[in-house]
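Quick one: this structure, given as structure tokens, is what I'll be asking you about.
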Amino acid sequence: MKIVVLGAGAWGTAMAKVIAEKGNSVVIWALEQEVCEDINVRHANSRFLPDITLPDSISATNNIVEATENAEFLILAIPSLYLLDTVKRILTVPSIREGQTAIAVITKGFLPSASGPRLILEALEDYLPGFYQHSLVYIAGPSHAEEVSRGKITGLIAASENAKNSIRFRDLLKTPRLLVFSSFDVRGVQAAAAAKNVIAIVFGMFDALKNSHSKVWAESLGDGTESLLLAAGLNEIQLLGRALKATHSETFTSIAGVGDLDVTCRSIFGRNRRFGWEIIEKRILERFSGIDDLLDRIHELGYLPEGIAAAKYVKVLIEEHHLKAPVSLALYRILNRETEPEEVLQEFLENL
């Protein structure tokens with residue numbers, strides 16, 4: 001059984017480690033040659049998942065066709081900004097062309113198209129062979145690579161319209177410490193996974209202001225304020241999910257919704273929360289002219305907060321579906337340098 005993870009970031013590496021520790025051999029495709037050498041020689045991914053020893057049964061290559069050929073299971077762990085271009089590179093692989101490889105996606109966000117932002121599986125189905133229509137699996141939940149790779153108890157959702165494929169990936173991943181549940185609500189799980197990163201950036205900003213030297217903010221913000229933000233954010237996620245034709249309302253009160261939102265906002269490992277904190281503490285946006293410039297030069301951050309791209313696409317979807325979503329719109333205005341963060345956040349609090 002050949003199991004492949006495309007993407008050697010922290011989350012892809014953590015998934016590979018879990019699968020390998022169950023007695024499987026796993027191939028990771030990494031863009032960077034030095035990452036491949038680190039995995040193959042030192043059994044580590046020092047760049048993206050430091051201080052974790054990887055099993056010997058994990059190998060790495062930067063040849064994407066070689067990695068993907070004859071895979072029984074393929075997990076796509078590529079950031080949303082680069083996912084579609086990466087998938088286009090494997091379309092000629094025979095096992096993909098013939099639909100023999102089961103494919104799951106752990107990337108969070110939306111993908112652009114001529115008709116506007118689309119959910120990831122929906123966009124990928126336009127390019128993959130017809131075998132994959134309604135058969136892709138989307139995996140998400142309240143999780144961090146740093147914890148999963150250390151065996152912390154974590155829950156995930158494997159969502160697919162194809163029950164058999166959902167169960168296959170559930171069985172591939174589940175361990176006594178990684179609990180995996182099946183869901184048919186592919187659209188709801190995807191919407192929640194993407195939109196929660198938007199809320200987490202705002203949460204990081206509030207957290208920085210709450211602990212800042214500004215007397216006004218320090219006296220105004222507390223734990224209750226953060227809970228208020230989480231509740232408002234969850235409401236926006238639900239509104240967006242329903243607009244995108246989520247099929248189960250309980251998705252948003254499950255680990256796919258409120259669970260993932262809570263951990264993304266509160267965990268010290270959250271890149272989106274960190275980015276929000278740096279907007280306030282480091283004035284990190286001052287070097288960018290707007291959200292498009294930020295996305296074009298996102299590598300300058302040194303890490304990749306998926307919520308930046310999601311904020312751009314969520315704004316489009318909010319306007320298209322006429323949704324009331326003040327938190328998400330406030331973040332877009334901040335990232336697009338239309339106003340200063342403190343002004344928008346104050347306005348947001350006054351108009352809740």
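The values are calculated or read from the model by the stated rules, or taken from the named source; none is laboratory data. These numbers come from a predicted model, not from an experiment. Cβ placement follows ideal geometry from the backbone for every residue including glycine, while neighbour counts extend to all protein chains displayed.
Yes/no per residue for (1) of a type in the set (A, V, I, L, M); (2) at pLDDT 95 or above; (3) closer than 27 Å to Ile120 by Cβ; (4) surrounded by fewer than 21 Cβ atoms within 10 Å (Cβ to Cβ):
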residue	(1), (2), (3), (4)
Phe184	no, yes, yes, yes
Val189	yes, yes, yes, no
Ala193	yes, yes, yes, no
Leu209	yes, no, no, no
Ser212	no, no, no, yes
Trp217	no, no, no, yes
Leu221	yes, no, no, no
Arg287	no, yes, no, yes
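Which members of segment 97-118 meet the condition of being out of contact with any Asp or Glu (no Cβ under 9 Å at 6 or more places or on another chain) and surrounded by 22 or more Cβ atoms within 10 Å (Cβ to Cβ)?
Scanning segment 97-118 gives Ile103, Ala104, Val105, Ile106, Phe110.
Give segment 189-219 a look and list any residue that's farther than 30 Å from Leu136 by Cα and touching a residue at least 40 places away in the same chain (Cβ under 8 Å), or say none.
Across segment 189-219, the qualifying residues are Val202, Phe203, Gly204, Met205, Phe206, Asp207, Ala208, Leu209, Ser212, Trp217.
For every residue, the table says whether it meets (1) surrounded by 21 or more Cβ atoms within 10 Å (Cβ to Cβ); (2) within 20 Å of Ile157 (Cα to Cα).
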| position | (1), (2) |
| --- | --- |
| Arg168 | no, yes |
| Met205 | yes, no |
| Thr225 | no, no |
| Ala232 | no, no |
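Here is a further query. Inside segment 44-57, can you point out the residues that are outside any loop (DSSP other than H, G, I, E, B) and within 23 Å of the chain's Cα centre (by Cα)?
Ala44, Asn45, Leu49, Pro50, Asp51, Ile52 - these are the residues of segment 44-57 that are outside any loop (DSSP other than H, G, I, E, B) and within 23 Å of the chain's Cα centre (by Cα).
Next up: In segment 16-43, what residues are assigned to a loop (DSSP other than H, G, I, E, B) and within 22 Å of the chain's Cα centre (by Cα)?
The answer is Ala30, Leu31, Glu32.
Which of the residues that make up segment 271-296 are assigned to a loop (DSSP other than H, G, I, E, B) and either under 13 Å from Met205 (Cα atoms) or outside the structural domain of Gly307 (by TED's automatic domain parsing) (or both)?
Across segment 271-296, the qualifying residues are Lys282, Arg283.
Return the pairs, sorted by first residue and then second, in which the second residue is surrounded by 17 or more Cβ atoms within 10 Å (Cβ to Cβ) and modelled with pLDDT under 95, the first residue lies in segment 238-257 and is within 13 Å of Ser183 (Cα to Cα) and assigned by TED's automatic domain parsing to the domain that holds Ile318, the beta carbons are less than 9 Å apart, and the residues are 6+ apart or on different chains.
From residues that are within 13 Å of Ser183 (Cα to Cα) and assigned by TED's automatic domain parsing to the domain that holds Ile318, there are no pairs.
Then there is this: Only one residue in Val5, Val26 is in contact with a helix residue (DSSP H, G or I) (Cβ under 8 Å, 6 or more places away or on another chain) and either in contact (Cβ under 8 Å) with a residue 40 or more places away in the chain or surrounded by fewer than 17 Cβ atoms within 10 Å (Cβ to Cβ) (or both). Which one?
Details: Val26 fails: either in contact (Cβ under 8 Å) with a residue 40 or more places away in the chain or surrounded by fewer than 17 Cβ atoms within 10 Å (Cβ to Cβ) (or both).
Unique residue meeting the criteria: Val5.
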